[in-house]
Amino acid sequence: QSWFPVWTENALLSQCWFLSNLVLYWAIFGFIYKNVRSLSLGATIISLIVICLLPWLTIVVPTLYEGIEYTWYKGHQWGETDTSTDIWTIMLKFNPIFYVHIFLFGMLLAVLRNNLKSDGSSPLGKFFTLFTQCGATLGYLGLIFIFTVEAVQPPAYKLSARLSILLPLQGLIMLGLSPLPHIVESGGFQDPLALLFSYAPSWVGDMSYCQYVLQFAIYNLFPVTDIIDPSFFLYLWGASLVCYKVVQDPAARLWRSFLLSSQDEQGLFRVSRAAIMVFGPSTILALILVITKTSYNPATSVTRSSEFSPLPPFVRIGDAAVDMELNWPISVEDDNFRPINPSMLFQDDGKGGLEWIRAVRAHYIEREFSEGVYNGTNVIEQITRFHSSILLQRESFSGDLSLGFDDSSIPGWGFDEVLPLLPIDQNIISHKGRDKSWVDLCEPNFVYSEVNRTLSRKLVTGPEDPKLFEIPADSNDGSQSWALTYSSFPPASLLNEQSSMDACQWHPEAVMQMYVAADGPSLASGEKAQGVRLDCGNSQGMEKNWIAFQHNGNLYYVYSVEPHIVVNVRTADGACVQQYSTSSKQLKRIRHELRGSATAIRYSDTEYLALFHTNAPGQGYATMAYTFQSEPPFAVQRISKVLPLHNLAFASSLTVYNEKVMIGYGENDMKSRILVMSRDHLESLFDWCS
């Protein structure tokens, strides 16, 4: 599986990739051994030094090319094989060719030790003999130092460390754990760690491969993801010991007895034994896979969008937590549109009542296929057309959110029986000088897959994912207005004077960006309002899922959840500047990319409340709440458990009113729903000890 990048990350058990490497190393062992066993002490040491320098090429090579960063490999996502970045990343991570130097390094260490046994009296021999007496202790101390002190960690360590940029320390450990016989026999000084490890029973080392194979499976079974004590390692150790005693050791003894009994056999029996040795393990594995497949229950796995069954209109989660469908009508000409990703905001109407502002994204997808030619090759051209529009409505709120969570009170909250939402794309001005609305969006660059010769294009018809939030009114009386932030591909009017979609097709800046329309009341009244791009981040890379909030009359966005980067935005023209950056040890421990959700709101005198989500391949969305300081630098304070939302739920709105926490979300790009919890219920999710 390691030789072919398109297979590697989609293999049955990805961490068994090294078995593919071993096949190569077994095959070339004899040849290499004949050529290195007679090396002198000096030649061996020079060879080891050269090999230790090879992993540094992952750092040196990018510096030779302007515009390539050390961390170029971050452009790859697990399982993707569509780009050269994907292929190179997978090859450098898994292909046996890129790990031959480690195999050779190990053989040279053995040659070095053999030379020290016979040539340990020379000055060079005496110097390296010291490493057999303290190398393990020095090596482990060095690794601990590097893993705990961020300033000394090697650049691009996720790749460079995998390719063994830390080989010198690893070599020290191997030498220290292999004391020279004459030193042991004479009672000379031995490496303290090697001496300590010598008292461990042999089965501790025997079960090491079980630990390697089981580590990820056991981590997924472990009840918490935050490893802060030895409990996980004891859990892994116990499971590995059981696996060794029940599976590995009996299988090894059976295999050895099988091989020994076959040595005395002749003719057909010997051929039969050989056939069983070659085909037996793979046949057993195939049978296990067939049995597993036939007994597989999809209901227990992550739900894919194609398999998804919509939730019932009403779901009770707890005494003070319910999940319900939002039956908001929309006024659009195309009946295919579905309202998703809702956002809502409550404001004092100045008359003793509440004004309720609501927004949704209207959405549906069309796909068409045709034959075409790309670079002289016949291809299948796939066009995915995302029909999208922002709908808005403002009205008086007639519900009563002071009512409880009992079944008879919930209809009185007043989320239904509302006015239809109206499209506002034509009212959002993209360019004042050209008097252009938010239409004719530029087409982003296509994706070509050489594997299946498919050219994929994406066409989006309008802006996406509106989020409502309060901002100070223009008057100086302390009153509040409201604004709308959204993500979108740029309209053609922003990228060329002719406002031509053809002229901006595949433009480098035809990418998803964040925008804000500060005059929300005008949009709700059917008047025009300017939408401006938030002018920070990467203008040629995707920018979305920023979290808006206001503080002391200023508009801020959480640009990144970890590190927690906060930018200050000017609504008039979208100018913004990074002002604060902090980091959270808890968020660092989460294994997947963290993305913002909805907007942030003032939760208490000392905290803002916000949401973030992960979208891991094969796992779907997992949404969590978190709080951050109510004053600069807005550092993260608390993180909740995963909220009780479906793994195909995209959280788009966060509101707190009358001790109720309301989280609006889109259900599998099909419907709008809302999760309503009491404040106490939300607080219980911050309690990791319950």
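The values are calculated or read from the model by the stated rules, or taken from the named source; none is laboratory data. Computed from a predicted model, the values in this text were never measured in an experiment. Cβ placement follows ideal geometry from the backbone for every residue including glycine, while neighbour counts extend to all protein chains displayed. Heavy atoms of the whole protein, side chains included, go into the accessibility calculation; ligands, DNA and RNA do not. Shrake-Rupley method; radii C 1.70, N 1.55, O 1.52, S 1.80 Å.
The table below gives the values:
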read-out: Test for S449: is it buried (at least 21 other Cβ atoms within 10 Å of the Cβ) and modelled with pLDDT under 95; value: no
read-out: Filtered residue count, region 609-635, keeping only those that are open to solvent by 10 Å² or more (accessible area, probe 1.4 Å) and at pLDDT 95 or above; value: 6
read-out: Failed condition for Q530, given (1) open to solvent by 20 Å² or more (accessible area, probe 1.4 Å); (2) assigned to a strand (DSSP E or B); (3) out of contact with any Asp or Glu (no Cβ under 9 Å at 6 or more places or on another chain); (4) over 17 Å from A598 (Cα atoms); value: (3)
read-out: Enumerated helices (runs of 4 or more DSSP H) restricted to region 26-116, each holding at least 3 residues that are open to solvent by less than 70 Å² (accessible area, probe 1.4 Å), under 28 Å from I183 (Cα atoms) and at pLDDT 85 or above; value: 41-53
read-out: 1 or more residues in contact with a Ser or Thr (Cβ under 8 Å, 6 or more places away or on another chain) and within 26 Å of S684 (Cα to Cα): qualifying strands (runs of 3 or more DSSP E) within region 318-412; value: 321-325, 338-348
read-out: Residue list for region 540-556, restricted to those being open to solvent by 20 Å² or more (accessible area, probe 1.4 Å) and either out of contact with any strand residue (DSSP E or B) (no Cβ under 7 Å at 6 or more places or on another chain) or assigned to a strand (DSSP E or B) (or both); value: Q540, M542, Q550, N552, N554
read-out: Region 667-681: number of residues that are in contact (Cβ under 8 Å) with a residue 40 or more places away in the chain and open to solvent by 10 Å² or more (accessible area, probe 1.4 Å); value: 7
read-out: Matching strands (runs of 3 or more DSSP E) fully within region 432-494 where at least 2 residues are over 32 Å from the mean Cα position of the chain (by Cα); value: 464-472, 480-488
read-out: Some residue of region 512-526 being over 25 Å from A362 (Cβ atoms) and either open to solvent by 50 Å² or more (accessible area, probe 1.4 Å) or touching a His at 6+ places or on another chain (Cβ under 6 Å) (or both); value: no
read-out: Filter result for K585 (of a type in the set (K, R), touching a residue at least 60 places away in the same chain (Cβ under 8 Å) and out of contact with any Pro (no Cβ under 9 Å at 6 or more places or on another chain)); value: no
read-out: Failed item in (1) under 37 Å from the mean Cα position of the chain (by Cα); (2) surrounded by fewer than 19 Cβ atoms within 10 Å (Cβ to Cβ); (3) closer than 22 Å to G106 by Cα, with M174 passing the rest; value: (2)
read-out: Top-ranked residue of region 358-408 - restricted to ones that are of a type in the set (F, W, Y) and farther than 30 Å from V332 by Cβ, ranked as modelled with the lowest pLDDT; value: Y374
read-out: Of all residues making up region 495-506, the number that are free of Cβ contacts under 8 Å to residues at least 12 places away in the same chain, outside any loop (DSSP other than H, G, I, E, B) and either open to solvent by less than 10 Å² (accessible area, probe 1.4 Å) or not acidic (D, E) (or both); value: 1
read-out: Contacts under 9 angstrom Cβ, first residue in region 186-199 being over 15 Å from L172 (Cα atoms), partner polar (S, T, N, Q) and at pLDDT 85 or above, 6 or more apart; value: G188/Q133; F189/Q133; S198/Q190
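Okay, residues lined up against (1) surrounded by 13 or more Cβ atoms within 10 Å (Cβ to Cβ); (2) aromatic (F, W, Y):
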position	(1), (2)
Y199	no, yes
S208	no, no
L221	no, no
I228	no, no
A239	yes, no
